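Step one of this worksheet: look at the structure below.
The values are calculated or read from the model by the stated rules, or taken from the named source; none is laboratory data. These numbers were taken from a predicted model, which means no experiment stands behind them. Here the Cβ is made from the backbone with ideal geometry for all residues, glycine too, and neighbour counts use every protein chain on show. Protein only, heavy atoms only, side chains kept; ligands, DNA and RNA dropped before computing areas. Shrake-Rupley method; radii C 1.70, N 1.55, O 1.52, S 1.80 Å.
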Amino acid sequence: MNDSAASASSTTAATLRSALGGLLDGLPPKQAAAAVERLIANYRGQTPTNAPVLRDRSDVAAYAAYRMPATFEAVRAALDALAEAAPQWVPGSHVDVGGGTGAATWAVDATWDGPRTTAVLDWAEPALTLGRELAAASGSPALRGADWRRAVIGAGLKLPEADLVTVSYVLGELTAEARRAVVAEAARAGQAVVLIEPGTPEGYLRIREARDQLIEAGLRVAAPCPHDGTCPIEVGQDWCHFSARVSRSSLHRQVKGGSLPYEDEKFSYVAATRFPVEPAASRITRRPQIRKGLVLLELCGPQDGDAPGLTRVNVTKRHGDLYKAARDADWGQAWPPATEG
């Protein structure tokens, strides 16, 4: 992300935090914390259902204040990777499936400029109502003009065609049949599809299955994978996930304890398109390990014979500028870094 885009993205994040700040006014802290604790298990995919998880205004307000910043940062990271793979592409339309209070819609607004039509679909009317209120406070024409629609997210879902379809932290709420139907419909409707799930082994498996489904539907992987081949990770031994830094609110500290002003949101994702993209040559799949005069990078990318695989690369001072880049590299970034000029 260039400096201008990073500044715009940070401004959007700050605006979102400000809009979320007043959500819990009048809601007793213990009630807010209890609502969050009850809802965490649902959003971690432990209780797949065909019913909305967020039931009323207090559920929505508490969970939005607690989870929306983390969802925003995870989706923003996934969208950044898509934007890097398709630097000339800007979505003119966006459908946010199971968008709730609109975290993914805010992330799209933080990633691309320009006019855009947006539809946010969710089965929980209280979430849509609050999402509309937050968007109205944003100052962004794209957010303020979004269409918030109630829809059942499942086997009967019908989406309008769009440049971009996002499905974030939704698949784990669905039965296996509904999950396949939603991914199939997203693949049919979208020129680009971005799916995000929690960075747990279960969330990774859902993304892995959805990735295969998107490829079978004719889309090509833009990120994070540098290839359309079979994922080289051995199921049960490891899982592909990434991390996004999130500023912690007072509600975060109340529910989780601790004193750090931030936490790291772990997530798994896939971005796939129907148009040409330039995926990363390789992707850094773990936090780089910096030693004296050496940086150890764990990568996913083509090996000998172009077969996808996992490799470890030692970058030392002898590599010159590449060593400097490795010391600044982060988990989830493309490798090697793009050269300018």
Inset, instruction - Scan (1) surrounded by fewer than 23 Cβ atoms within 10 Å (Cβ to Cβ); (2) among the β-branched types (Val, Ile, Thr); (3) within 16 Å of the chain's Cα centre (by Cα) for the single condition residue 101 breaks and write down its number. - result: (1)
Inset, instruction - Look at residue 245 and say whether it is at pLDDT 95 or above and open to solvent by 40 Å² or more (accessible area, probe 1.4 Å). - result: no
Inset, instruction - Select from the range 209-230 the residues that are farther than 24 Å from residue 72 by Cβ and assigned to a helix (DSSP H, G or I) and write down the one among them that is most open to solvent (accessible area, probe 1.4 Å). - result: 216
Inset, instruction - Go through the range 167-203 residue by residue and tally those that are open to solvent by 10 Å² or more (accessible area, probe 1.4 Å) and in a helix (DSSP H, G or I). - result: 11
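For every residue, the table says whether it meets (1) among the aliphatic types (A, V, I, L, M); (2) modelled with pLDDT of 90 or more.
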{"site": "229", "(1), (2)": "no, yes"}
{"site": "240", "(1), (2)": "no, yes"}
{"site": "260", "(1), (2)": "yes, no"}
{"site": "271", "(1), (2)": "yes, yes"}
{"site": "291", "(1), (2)": "no, yes"}
Inset, instruction - Determine whether the range 52-71 contains at least one residue that is modelled with pLDDT under 80, in a loop (DSSP other than H, G, I, E, B) and acidic (Asp, Glu). - result: yes
Inset, instruction - For the range 111-134, enumerate the residues that are buried (at least 24 other Cβ atoms within 10 Å of the Cβ) and small (Gly, Ala, Ser). - result: 127, 131
Legend entry - Segments classed as helices (runs of 4 or more DSSP H), wholly inside the range 76-155, with at least 2 members that are modelled with pLDDT of 95 or more and touching a Leu at 6+ places or on another chain (Cβ under 8 Å): 103-111
Legend entry - So residue 164, is it closer than 30 Å to residue 19 by Cα, at pLDDT below 95 and open to solvent by less than 10 Å² (accessible area, probe 1.4 Å): no
